[in-house]
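Student: Would you mind keeping the following structure in view while I ask a few things?
The values are calculated or read from the model by the stated rules, or taken from the named source; none is laboratory data. All of these numbers come straight from a predicted model, not from anything done at the bench. Neighbour counts run over all protein chains shown; Cβ positions are idealised from the backbone, glycine included.
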Amino acid sequence: MQAEVNRHAASSLIQAKKPSRLAYVARELRKNKHYYLLMSPYMLIFFTFTVIPVVISLALSFFYFNMLEFPRFVGWQNYARLFLGDDVFMIALKNTFMFAVVTGPVSYIACFLFAWIINELSPKVRAAMTLVFYAPSISGNVFFIWLIVFSGDSYGYLNGFLMKFGFILEPIQWLSNEKYILAIIIIIQLWLSLGTSFLAFIAGLQTIDRTLIEAGAVDGIKNRWQELWFITLPSMRPQLMFGAVMQITGSLAVADISVALAGFPSVNYAGHTIVTHLMDFGTIRFEMGYASAIATVLFCMMIGANKLTQKLLRKVGE
């Protein structure tokens, strides 16, 4: 009994001597003040133009605000209207999920596979191939090129090819027919997806320690696929996470391609997405409270997708 009392007293004494969390944070701030000072310009800009607008948008989603009158609190009315009374939003939600499910995983895997293959080439060839694969994502005339390919007259490249070889007798209105619009936008989005994620994977593959591969061969790794799963992927988890965030953001925020190819709005909203719906209410109708509710739903979708991706990436190499 006495020993138990002594242990309890010793434990209480140790806890009393332990500094509080606040004191620990203050000590760390003083210790690393130079680092925080160097980070302060970026953090100031980040909070001013990212964090604060997100918080304001979240709060504004519970108000009616038309840019002319003072905001009026309406509670959950914007969200009820969004999910129960806005049929166009449900079409946009379906299209966005279609984009995310198809372009997200496919483009992510394609980015890594192309980076993995190109990384095995000689430095000069690797640099040239990296430029070739990355160029579409930075091309300014990319929409103009695809408008020519899918032009609805006989001068369009696709129609001309199909008519020349007898597959069709008259031109198809690719970008005016709701049956084709979504598929065309998905194809172009996949073509454009080899961007920042692709470069991040190339950089991650370049930083892998070759001694790990040699040690793995000694430990029983027999082929390149085992090397990929047990060594390559675990060694570049930060790049994989960064690439996943970029691909998720890109697949859920599709708008420019739809507007440029299918118009705004597209035929029967066949190419309508959550972002184009947000543009409609935020920049044309100026219903800022309702637009903020749309933005909040999209933000929550991105957060949920990122959390799911983090859980999946933790299992890599197990």
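Student: Out of all the residues in segment 174-194, which are under 15 Å from LEU113 (Cβ atoms) and in a loop (DSSP other than H, G, I, E, B)?
Tutor: Scanning segment 174-194 gives SER193, LEU194.
Student: Can you name the condition, by its number, that VAL132 falls short on among (1) surrounded by 12 or more Cβ atoms within 10 Å (Cβ to Cβ); (2) β-branched (Val, Ile, Thr); (3) under 30 Å from ALA255 (Cβ atoms)?
Tutor: If we test VAL132 against (1) surrounded by 12 or more Cβ atoms within 10 Å (Cβ to Cβ); (2) β-branched (Val, Ile, Thr); (3) under 30 Å from ALA255 (Cβ atoms), just (1) comes out false.
Student: What's the total number of residues in segment 254-276 that are surrounded by fewer than 20 Cβ atoms within 10 Å (Cβ to Cβ), in contact with a helix residue (DSSP H, G or I) (Cβ under 8 Å, 6 or more places away or on another chain) and outside any helix (DSSP H, G or I)?
Tutor: 3
Student: Tell me which helices (runs of 4 or more DSSP H) are completely within segment 51-164 and hold 2 or more residues being over 23 Å from the mean Cα position of the chain (by Cα), under 29 Å from LEU313 (Cβ atoms) and not aromatic (Phe, Trp, Tyr), or say none if there are none.
Tutor: Helices (runs of 4 or more DSSP H) meeting the threshold: 87-119, 123-138.
Student: Only one residue in ILE172, ILE208, ILE185 is touching a helix residue (DSSP H, G or I) at 6+ places or on another chain (Cβ under 7 Å), within 30 Å of VAL245 (Cβ to Cβ) and modelled with pLDDT of 85 or more, so which one is that?
Tutor: Going through ILE172, ILE208, ILE185 in turn, just one is touching a helix residue (DSSP H, G or I) at 6+ places or on another chain (Cβ under 7 Å), within 30 Å of VAL245 (Cβ to Cβ) and modelled with pLDDT of 85 or more: ILE185.
Student: Only residues that are closer than 14 Å to MET288 by Cβ and of a type in the set (Asp, Glu): list them for segment 42-95, please.
Tutor: GLU69
Student: To continue, here is another question. Would you please name the residue that is farthest from ALA92 (Cα to Cα), looking only at residues in segment 158-199 that are in contact with a Phe, Trp or Tyr (Cβ under 9 Å, 6 or more places away or on another chain) and of a type in the set (S, T, N, Q)?
Tutor: ASN159
Student: Still on this model: Here is a check on your reading of the model: is ASN177 more than 28 Å from the chain's Cα centre (by Cα), surrounded by fewer than 18 Cβ atoms within 10 Å (Cβ to Cβ) and closer than 26 Å to TYR108 by Cα?
Tutor: Criteria not met by ASN177.
Student: Further, regarding this structure: Count, please, the residues in segment 180-190 that happen to be of a type in the set (S, T, N, Q) and either farther than 20 Å from PRO136 by Cα or surrounded by fewer than 14 Cβ atoms within 10 Å (Cβ to Cβ) (or both).
Tutor: 0
So that you can scan it fast, the table gives a plain yes or no per residue for (1) surrounded by 20 or more Cβ atoms within 10 Å (Cβ to Cβ); (2) at pLDDT 90 or above; (3) closer than 18 Å to GLY250 by Cβ:
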| residue | (1), (2), (3) |
| --- | --- |
| LEU278 | yes, yes, yes |
| GLY282 | no, no, no |
| ARG285 | no, no, no |
| SER292 | yes, yes, no |
| ALA295 | yes, yes, yes |
| GLY304 | no, no, yes |
| GLN310 | no, no, yes |
| LEU313 | no, no, yes |
| GLU318 | no, no, no |
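Student: Is it the case, given these coordinates, that SER154 is buried (at least 16 other Cβ atoms within 10 Å of the Cβ) and either in contact with a helix residue (DSSP H, G or I) (Cβ under 9 Å, 6 or more places away or on another chain) or of a type in the set (Asp, Glu) (or both)?
Tutor: Taking the combined requirement at face value, the residue does not satisfy it.
Student: Also: Can you go through ILE52, ILE91 and tell me which one is in contact with a helix residue (DSSP H, G or I) (Cβ under 6 Å, 6 or more places away or on another chain), aliphatic (A, V, I, L, M), surrounded by 11 or more Cβ atoms within 10 Å (Cβ to Cβ) and over 20 Å from LEU192 (Cβ atoms)?
Tutor: Criteria check complete, one pass: ILE91.
Student: Would segment 203-216 turn up any residue that is charged (D, E, K, R), within 23 Å of the chain's Cα centre (by Cα) and in the same structural domain as SER107 (by TED's automatic domain parsing)?
Tutor: For segment 203-216, residues charged (D, E, K, R), within 23 Å of the chain's Cα centre (by Cα) and in the same structural domain as SER107 (by TED's automatic domain parsing): absent.
Student: If I filter segment 94-106 for residues that are of a type in the set (Ser, Thr, Tyr), assigned by TED's automatic domain parsing to the domain that holds GLY195 and touching a helix residue (DSSP H, G or I) at 6+ places or on another chain (Cβ under 8 Å), do I get at least one hit? Show your work before the answer.
Tutor: If we filter segment 94-106 for residues that are of a type in the set (Ser, Thr, Tyr), which is where we start, we get 96, 103.
This time we only want the ones that are assigned by TED's automatic domain parsing to the domain that holds GLY195, so: 96, 103.
If we keep only those that are touching a helix residue (DSSP H, G or I) at 6+ places or on another chain (Cβ under 8 Å) too, we end up with 96, 103.
The answer is yes, given that some residue of segment 94-106 is of a type in the set (Ser, Thr, Tyr), assigned by TED's automatic domain parsing to the domain that holds GLY195 and touching a helix residue (DSSP H, G or I) at 6+ places or on another chain (Cβ under 8 Å).
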